[in-house]
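> Take a look at the following structure, please.
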Amino acid sequence: MDDIVKKVCVIGAGVMGAGIAAQVANAGVPVLLLDVAAKDGADRDAVAKAAVAKMLKTEPAPFMSAAAAKLIETGNIDDHLDRVAECDWIVEAIVERLDIKQSLYARLEASKRSGTAVSSNTSTIPLERLVEGRSEQFRRDFLITHFFNPPRYMRLVEIVRGTTTDVGVAGKVEAFVDRFMGKRIVRAKDTPGFIANRIGTYWLAVAVNAAIDQGLTVEEADQIGGRPMGVPKTGIFALIDLVGVDLMPLLAKSLSDTLPQGDPYFDTVRPLPLVDRMIAEGFTGRKGKGGFYRLEKGADGARTRLAIDLATGEYRAEAKPAALPPAVEKDLAALVAVPGKVGDYAWTILGHVLSYAAMLVGEAADDIVAIDDAMKLGYNWKFGPFELIDRLGSGKLAARLRAEGRAVPAILDVAGERAFYRVEQGVRQHLGHDGDYHDVVRAEGVLLLEDVKRRSQPVATSASAALWDIGDGVLCLEFTAKMNALDGEVAALIQQAIPLVQERFKALVIYNEGSNFSAGANLGLALFAVKAGAWGEIEKLIVAGQQAFKALKYAPFPVVSAPAGMALGGGCEVLLHSDAVQAHAESYVGLVEAGVGLVPGWGGHGELLDRLVRLPMMPGGPMPAVMKAFELISTAQVSRSAAQAREMAFLRAGDGITMNRDRLLADAKAKALALVDGYTPPEPPTFRLPGESGRVGLAGAVADFRRKGVATAYDEVVAGRLANVLTGGDADVVDTVTEQQLLDLERAAFIESAHDERTHARVESMLMTGKPLRN
């Protein structure tokens with residue numbers, strides 16, 4: 001059996017099916033997307049075609065590039081079901097009705113090749129019920145692959161193997177889902193709701209019921225049940241608005257139909273007249289007229305955020321609840337001990353949900369790691385249930401449950417006063433059913449910096465960065481400041497790293513496991529220096545950054561950057577100075593300084609220009625590359641994926657893209673080692689720039705944007721400084737400019753922008769609101 005998936009068929013072009021097809025296409029693999037034949041019109045494939053067209057307009061975008069969409073071929077199940085024989089994996093993502101799914105499987109069995117995997121994206125129906133009546137061969141080829149919405153962005157896939165599922169067939173699908181689709185696989189048992197939805201639905205039901213019963217406002221519930229518990233800032237009710245209020249009764253019915261009697265979930269099921277009324281009136285959350293929160297537009301055009309009163313059902317102005325005691329932000333025991341409604345509500349949620357999760361060990365999953373991973377990846381919890389129990393204290397949780405006359409799950413008795421996780425000799429371990437600790441095992445080929453850090457000490461550190469030995473002669477530079485912002489401490493450690501690698505290592509990888517690679521320069525620190533009039537410090541920072549980045553570029557060993565998330569401003573300039581980039585697919589790259597009234601200051605102009613002039617499709621002459629660089633920088637364009645970053649020239653054609661975030665460091669390390677033999681640093685470029693005529697042309701374009709209202713007055717000023725750098729400064733004819741001359745122009749333009757009070761206003765606005773002032 002060929003163990004490589006070369007083509008996939010997705011049946012069902014709804015939100016989930018179409019999204020799964022898009023992610024397969026994002027991996028560069030052809031997809032056949034089928035749905036029912038259209039009842040009206042001449043085009044019987046119209047349903048599937050409409051799904052693809054809709055995704056091209058959807059935000060956030062399901063596709064990582066326009067090219068990915070072209071890999072999806074559409075059809076319908078009446079005319080084209082026989083084409084599943086072309087495919088190596090068939091994904092069923094149709095309506096959540098057992099009879100309809102089974103009818104489709106009967107038709108598939110007659111059309112597919114023996115040994116071709118078939119999986120269902122069901123969220124609640126057990127596998128054994130799905131394959132009732134199917135042949136032994138079909139059962140061997142069948143499994144459940146439960147994706148989460150939206151499939152591009154949610155990293156969890158729960159996989160359920162049946163008792164007769166062929167190990168090779170399942171392994172082939174799992175390898176593709178992991179390495180090509182970029183998902184972390186959690187093995188779930190064949191139980192209703194599997195892991196994440198079973199716990200997540202119970203959690204939301206408990207939280208909603210308790211808020212109503214205990215007289216909390218939705219704002220209070222979201223505050224208590226949100227960040228202190230490691231839940232995203234949406235909390236409870238804002239999360240329901242995000243996923244859809246109308247989903248609540250559907251999930252309740254699905255789980256109620258499939259869970260065994262006596263399951264604690266049934267204690268949460270009760271009529272909710274308020275929710276029924278909201279759905280009937282179209283208040284289904286963000287996709288509808290609003291939900292538990294909604295926006296109301298006043299006569300003056302201003303929008304006011306309203307929240308629903310859980311007692312009356314009427315909307316009122318959102319009211320910020322009183323601040324929680326500082327101690328409870330990181331101390332769950334302190335949170336549940338707060339007298340009154342704060343502690344009562346927190347305990348109601350934690351006591352029920354954590355004990356429910358503990359009850360499911362052995363039933364829904366083999367171990368606690370699977371349950372924790374499912375909730376962190378599927379519901380974006382910062383901590384899994386058992387990590388939360390460790391923060392609360394397993395003994396304290398069990399004691400309080402007993403004191404209230406409630407059942408104590410067996411795994412809590414096994415733990416006693418012990419933690420569910422520990423680190424032993426640098427290895428993270430989890431507590432098992434047997435009362436022993438077991439190593440947390442990573443998937444084959446996964447290398448995580450968090451594991452390296454548990455078992456070793458840094459080679460060197462500064463206040464904003466660290467150097468780690470990741471093995472095989474490769475040193476890793478990690479940014480460590482808030483948002484992985486860059487400052488003089490980072491520049492100093494880069495300079496320290498150069499001789500270290502020369503003496504003891506072969507290559508350098510720049511990588512971290514924060515949410516973002518780097519949001520750029522530390523603007524807060526820079527603004528403080530500006531306010532203090534420390535202009536010398538600002539210039540020192542620019543020079544230090546330029547020198548450090550050029551030291552990376554011309555180091556006598558390979559430098560590979562491995563971004564994930566945002567790589568903006570200075571973060572983008574790090575990539576531009578690297579010999580190669582191995583980017584996570586979800587990398588958002590751009591030189592965004594113009595948005596806050598600045599220009600790139602650490603060599604970004606020259607590095608981007610050098611890449612652009614080398615593009616095979618770039619017209620000759622000095623102006624085309626300058627115009628493209630001006631467009632990208634002046635409008636602060638940011639790629640929406642690594643694939644798009646390559647199209648924008650922030651990545652080279654030969655730079656790699658890793659779909660699975662867990663595999664990024666290993667891939668970057670391998671790329672760095674592959675460059676070692678015969679490595680020589682690049683030669684410094686020279687730039688042929690257009691001079692005065694180029695500046696006039698760029699100024700004319702900006703003036704036109706301002707007349708149209710697209711650019712502001714200060715945008716025009718900043719663009720003029722940018723144009724001055726890109727066209728060669730004072731040169732009035734086509735001229736050749738060295739790399740150092742361009743750096744000098746860049747530094748002068750940055751300092752000039754930094755002196756401008758309009759820049760100060762933009763930076764202050766960005767730091768306070770997350771958005772620059774449009775002045």
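> So how many residues does the stretch 469-507 have that are under 22 Å from Tyr679 (Cα atoms) and outside any helix (DSSP H, G or I)?
Step one: of the stretch 469-507, the residues under 22 Å from Tyr679 (Cα atoms) are 469-477, 494-507.
Cutting the leftovers down to outside any helix (DSSP H, G or I) gives us 469-477, 505-507.
Count: 12.
> Ok, one more. For the stretch 166-186, name all the residues that are under 25 Å from the mean Cα position of the chain (by Cα), of a type outside the set (A, V, I, L, M, F, W, C), assigned to a helix (DSSP H, G or I) and over 13 Å from Ser119 (Cα atoms).
Hits for the stretch 166-186 are Asp178, Arg179.
> Of the residues Ala668, Ala649, only one is under 29 Å from the mean Cα position of the chain (by Cα), on the phi > 0 side of the Ramachandran plot, open to solvent by less than 10 Å² (accessible area, probe 1.4 Å) and touching a residue at least 24 places away in the same chain (Cβ under 8 Å); which? Walk me through how you get there before you give the answer.
Numbers: Ala668 fails: on the phi > 0 side of the Ramachandran plot.
So the residue among Ala668, Ala649 that is under 29 Å from the mean Cα position of the chain (by Cα), on the phi > 0 side of the Ramachandran plot, open to solvent by less than 10 Å² (accessible area, probe 1.4 Å) and touching a residue at least 24 places away in the same chain (Cβ under 8 Å) is Ala649.
> Do the conditions hold for Leu216, that is, is it within 19 Å of Phe237 (Cβ to Cβ), at pLDDT 95 or above and not in a helix (DSSP H, G or I)?
yes
> Now for a different question. With in contact with a strand residue (DSSP E or B) (Cβ under 6 Å, 6 or more places away or on another chain), small (Gly, Ala, Ser) and open to solvent by less than 20 Å² (accessible area, probe 1.4 Å) as the only criterion, which of Ala594, Ala567, Ala555, Ala548 stands out?
Unique residue meeting the criteria: Ala567.
> If you don't mind, another one. Checking the structure you have, find out if any residue of the stretch 628-638 is hydroxyl-bearing (Ser, Thr, Tyr), within 30 Å of Gly471 (Cβ to Cβ) and at pLDDT 95 or above.
First pass over the stretch 628-638, keeping only residues hydroxyl-bearing (Ser, Thr, Tyr): 634-635.
After this cut, where a residue has to be within 30 Å of Gly471 (Cβ to Cβ) as well, the list is none.
No - not one qualifying residue is present in the stretch 628-638.
> Confirm whether Gly262 is open to solvent by less than 30 Å² (accessible area, probe 1.4 Å), of a type in the set (Gly, Ala, Ser) and either part of a loop (DSSP other than H, G, I, E, B) or in contact with a strand residue (DSSP E or B) (Cβ under 8 Å, 6 or more places away or on another chain) (or both).
Details: open to solvent by less than 30 Å² (accessible area, probe 1.4 Å): no; of a type in the set (Gly, Ala, Ser): yes; either part of a loop (DSSP other than H, G, I, E, B) or in contact with a strand residue (DSSP E or B) (Cβ under 8 Å, 6 or more places away or on another chain) (or both): yes.
The answer is no for Gly262.
> Looking at the structure I just gave you, is Asp222 assigned to a helix (DSSP H, G or I) and more than 30 Å from Ser114 (Cβ to Cβ)?
Values: assigned to a helix (DSSP H, G or I): yes; more than 30 Å from Ser114 (Cβ to Cβ): yes.
Yes; evaluated as a whole, the condition is true for this residue.
> Take the residues in the stretch 194-208 that are open to solvent by 10 Å² or more (accessible area, probe 1.4 Å) and out of contact with any helix residue (DSSP H, G or I) (no Cβ under 6 Å at 6 or more places or on another chain); name whichever of them is farthest from Ala327 (Cα to Cα).
Of everything passing the filter in the stretch 194-208, Asn197 is farthest from Ala327 (Cα to Cα).
> Being of a type in the set (Ser, Thr, Tyr) and free of Cβ contacts under 8 Å to residues at least 24 places away in the same chain narrows it down to one of Thr58, Thr74, so name that one. Spell out the reasoning first.
Working: Thr74 fails: free of Cβ contacts under 8 Å to residues at least 24 places away in the same chain.
Matching residue, one of Thr58, Thr74: Thr58.
> Report, by residue number, each residue of the stretch 347-376 that is assigned to a helix (DSSP H, G or I), over 15 Å from Val440 (Cβ atoms) and either of a type in the set (A, V, I, L, M, F, W, C) or at pLDDT below 95 (or both). Please lay out each step first, then the result.
Applying the first criterion (assigned to a helix (DSSP H, G or I)) to the stretch 347-376 yields 347-359, 368-376.
Imposing the further condition that a residue be over 15 Å from Val440 (Cβ atoms) reduces the set to 347-359, 375.
The answer is Trp347, Ile349, Leu350, Val353, Leu354, Ala357, Ala358, Met359, Met375.
> Going through the stretch 634-658 one residue at a time, which ones are closer than 28 Å to Leu675 by Cβ and assigned to a helix (DSSP H, G or I)?
Ala642, Ala643, Gln644, Ala645, Arg646, Glu647
> So, one more: Would the stretch 414-432 turn up any residue that is farther than 30 Å from Gln457 by Cβ, assigned to a helix (DSSP H, G or I) and more than 28 Å from the chain's Cα centre (by Cα)?
yes
> Cβ-Cβ distance below 9 Å, separation of 6 or more or different chains: which pairs start in the stretch 684-697 with a residue that is without any contact (Cβ under 8 Å) to a residue 12 or more places away in the chain and in a loop (DSSP other than H, G, I, E, B) and end on one that is open to solvent by 80 Å² or more (accessible area, probe 1.4 Å) and among the charged types (D, E, K, R)?
Short answer, once both residue conditions are applied: none.
> A further question follows. Picking from Val8, Val24, which residue would you name as being under 24 Å from Val243 (Cβ atoms) and open to solvent by less than 10 Å² (accessible area, probe 1.4 Å)?
Values: Val8 fails: under 24 Å from Val243 (Cβ atoms).
So the residue among Val8, Val24 that is under 24 Å from Val243 (Cβ atoms) and open to solvent by less than 10 Å² (accessible area, probe 1.4 Å) is Val24.
> Sort through Thr348, Thr304 and tell me the only one that's hydroxyl-bearing (Ser, Thr, Tyr), exposed (fewer than 15 other Cβ atoms within 10 Å of the Cβ) and on the phi < 0 side of the Ramachandran plot. Spell out how you get there, then give the answer.
On the way: Thr348 fails: exposed (fewer than 15 other Cβ atoms within 10 Å of the Cβ).
Checking each option against the conditions leaves just Thr304.
> Starting from residues that are among the aliphatic types (A, V, I, L, M) and farther than 13 Å from Asp309 by Cα, keep the ones in the stretch 274-298 and report whichever is least open to solvent (accessible area, probe 1.4 Å).
Ile279
> Within the stretch 77-94, how many residues turn out to be in contact with a Gly (Cβ under 8 Å, 6 or more places away or on another chain) and either open to solvent by 40 Å² or more (accessible area, probe 1.4 Å) or among the hydroxyl-bearing types (Ser, Thr, Tyr) (or both)?
Start the filter on the stretch 77-94 by keeping residues that are in contact with a Gly (Cβ under 8 Å, 6 or more places away or on another chain), which leaves 83, 91-94.
With the extra rule that they be either open to solvent by 40 Å² or more (accessible area, probe 1.4 Å) or among the hydroxyl-bearing types (Ser, Thr, Tyr) (or both), the set shrinks to 83, 94.
Result for the stretch 77-94: 2.
> Which pairs have Cβ atoms under 8 Å, sit 6 or more apart or on different chains, and link a residue in the stretch 434-445 that is at positive phi and open to solvent by 80 Å² or more (accessible area, probe 1.4 Å) to one that is part of a loop (DSSP other than H, G, I, E, B) and of a type outside the set (A, V, I, L, M, F, W, C)?
No pair meets every condition.
> So for the stretch 195-202 (the condition being small (Gly, Ala, Ser), in contact with a strand residue (DSSP E or B) (Cβ under 7 Å, 6 or more places away or on another chain) and under 30 Å from Thr658 (Cα atoms)), does at least one residue qualify? I'd like the intermediate steps shown before the answer.
We begin by selecting, within the stretch 195-202, every residue small (Gly, Ala, Ser); these are 196, 200.
Within this subset, residues satisfying the condition of being in contact with a strand residue (DSSP E or B) (Cβ under 7 Å, 6 or more places away or on another chain) are 196.
Adding the requirement that they be under 30 Å from Thr658 (Cα atoms) leaves 196.
Taking every residue of the stretch 195-202 in turn, at least one turns out to be small (Gly, Ala, Ser), in contact with a strand residue (DSSP E or B) (Cβ under 7 Å, 6 or more places away or on another chain) and under 30 Å from Thr658 (Cα atoms).
> How many residues does the stretch 1-13 contain that are out of contact with any Lys or Arg (no Cβ under 9 Å at 6 or more places or on another chain) and on the phi < 0 side of the Ramachandran plot? Working first, answer last.
In the first step, residues of the stretch 1-13 are kept if they are out of contact with any Lys or Arg (no Cβ under 9 Å at 6 or more places or on another chain); the result is 6-8, 10-12.
Restricting the remaining residues to those that are on the phi < 0 side of the Ramachandran plot gives 6-8, 10-11.
Selection size over the stretch 1-13: 5.
The values are calculated or read from the model by the stated rules, or taken from the named source; none is laboratory data. What you are looking at is a predicted structure, and each value in this text was computed from that prediction instead of being measured. Don't worry about glycine lacking a Cβ; one is built from the backbone with ideal geometry, like all the others, and counts go over all protein chains shown. Ligands, DNA and RNA are excluded from the accessible area calculation, which covers all protein heavy atoms including side chains. Shrake-Rupley method; radii C 1.70, N 1.55, O 1.52, S 1.80 Å.
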